[in-house]
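The values are calculated or read from the model by the stated rules, or taken from the named source; none is laboratory data. The structure presented is a predicted model; accordingly, all values stated were derived computationally and were not measured. Counting neighbours? That spans all protein chains shown, and the Cβs are built from the backbone with ideal geometry, glycine included. Note: accessible area is taken over every heavy atom of the protein model, side chains too, but ligands, DNA and RNA are not part of it. Shrake-Rupley method; radii C 1.70, N 1.55, O 1.52, S 1.80 Å.
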Amino acid sequence: MRRFRESLTTRGAAFLASGLVLVLAGLALGQHDLSRIGTALCALPVLAGLLGRRHDLSLVVEREAHPSRITIDEPAVVQVRITNPATARAPMLLAEEHLDYSLGDRPRFVVPALPSGACTHVEYAVRAHSRGAHRLGPLGVRVQDPFGLTLRHTSISSHDELLVLPRVVGLANGRALGRGLGAEGSVPHRIALHGEDDQSIREYRDGDDLRRIHWPATARTGELMVRQEDRPAKRRATLLLDTRARSHGGKGPSGSLEWAVTLAASAVTHLLETGFAVHLLTVDPGQESGVREDSELDPALETLARTVANDESGINGMLHAASGATAQGGLVVAIVGALDDDSARALSSLRQPGGPGLAFVIDPEGFGRGMRAPSGDLDPRATTAALAAAGWSVTTVVPDLDVADAWGTVAGSRTLVGAR
């Protein structure tokens, strides 16, 4: 009975109320014809509701976004395929696609009547104003009887997602990026200065060029040996992103977390383009270690697109995981909030002697627009001073600091910049 009341339109409710009044009036006045008219008016909404519910509405909805991954403010076209798998004919439907609010208004369209096994295609455009994995669907449909007395609502639960990558800004090279050649994988092999016998050699493998066979070593070992191909050293860069809720202030595009994610995405892109082997470390409770590591651009950008503020756990695990990645030297980039003394010392130790360390310490109080800093008793200025004293090039991040300017300042100097 409740579902029937909810399905009545204004016209249907008026018919039902008028019918009840006429039935009661006819009974009170002894006018049977008036009661019959009232009964007919009451029966119409009931019959219309039954007609509307005879359809199963078991539709299959499939979506495909082009492109499937976009950047902020980039448009995308979503193609929707609606199929009727039932044996009965599906009625004409009014459909509304449910979207995350950041994708814009919900598109509405009419789905024509579909015979059994038939399908139809519709498409709509979206434009995202914030990064993240945005939900497409479910599809809400409404079916109305020919008299407009009842309106049936249902939702087709299938849904997909549209991944919106963080914004990437261009970054400049700096003096700090030219130092710190770290080993990536095995130690690079170099041609010796005192004769061919000092060259690095290894066992012969199927497919090796026979011209590279090292005959003296072959004669000495009794097995085919070849000269190891010289490989240039590759610079290593480790980037740490602090996503603790207490490290950030503000919300939405103007919050410090978005600033940090933009810098991380820009730094990963820039360092990969300049020949670094990049390792991005973020806290991920879904991983067994609690830390996620990405070394390629696409997975790194996807990780950053899905990054959200988390609880207080994870920062120590990320610093511990980074100690293994930085043990052989290389560039270390840290985007962090205020740290306690132990965590600050652990972060400071990641920079190997002679290697560059770039730190961006976030001041959440500035992004919070005067609100009490969520970092509690921790002071970002103390973290800035501690890292600077340990030889890091560091700046304090405030709302009016541009990402490219912050990177250019820190990457071009090893002095304490912007300490507050």
Which residue fluctuates most in the GNM of the chain (Cα springs below 10 Å): 211, 292, 152? 211
Going by alpha carbons, how many degrees (0 to 90, nearest 10) lie between the helix axis of 315-325 and the longest principal axis of the chain? 40
Would you work out if region 60-131 is rounded, prolate or oblate? Take a ≥ b ≥ c from the square roots of the eigenvalues of the alpha-carbon gyration tensor; rounded if a/c is under 1.5, else prolate when a/b is larger than b/c, oblate otherwise. prolate
Selected from 295, 61, 218, residue furthest toward positive end of dipole (the chain; charges at beta carbon): 61
Which one of 159, 15, 138 has its Cα pushed farthest toward the positive end of the charge dipole of the chain, where Lys and Arg give +1 and Asp and Glu give -1 at the Cβ? 15
Report the residue, chosen from 355, 52, 391, that carries the largest GNM mean-square fluctuation when the chain is represented by alpha-carbon nodes joined by springs under 10 Å. 52
By the Cα gyration tensor axes a ≥ b ≥ c (a/c under 1.5 gives rounded; else a/b larger than b/c gives prolate, otherwise oblate), the shape of region 276-410 is rounded
Putting +1 on Lys and Arg Cβ atoms and -1 on Asp and Glu Cβ atoms, find which of 125, 172, 255 reaches farthest to the positive end of the dipole of the chain. 125
For region 330-364 versus region 63-115, the gap between their alpha-carbon centres in whole angstrom: 47
Using a 1.4 Å probe and counting only protein heavy atoms, arrange 384, 10, 221 so the residue with the most accessible area comes first. 10, 221, 384
Report the residue, chosen from 225, 92, 318, that carries the largest GNM mean-square fluctuation when the chain is represented by alpha-carbon nodes joined by springs under 10 Å. 225
Percent accessible area from carbon and sulfur atoms, the chain, protein chains only, probe 1.4 Å: 53
Given Cα pairs under 8 Å that are at least 6 residues apart, what percent is the relative contact order of region 1-99? 20
For helix 10-29, report the angle its Cα long axis makes with the longest principal axis of the Cα atoms of the chain; keep it between 0 and 90° and round to the nearest 10°. 30
Compute the Kirkwood hydrodynamic radius of the chain, taking the inverse of the mean of 1/r over all pairs of distinct Cα atoms, and give it in Å to one decimal. 26.9
What does the accessible area of residue 365 come to, in Å² to the nearest 10, when a probe of 1.4 Å is used? 90
For the chain, what is the relative contact order in percent, using Cα pairs closer than 8 Å and at least 6 residues apart in sequence? 13
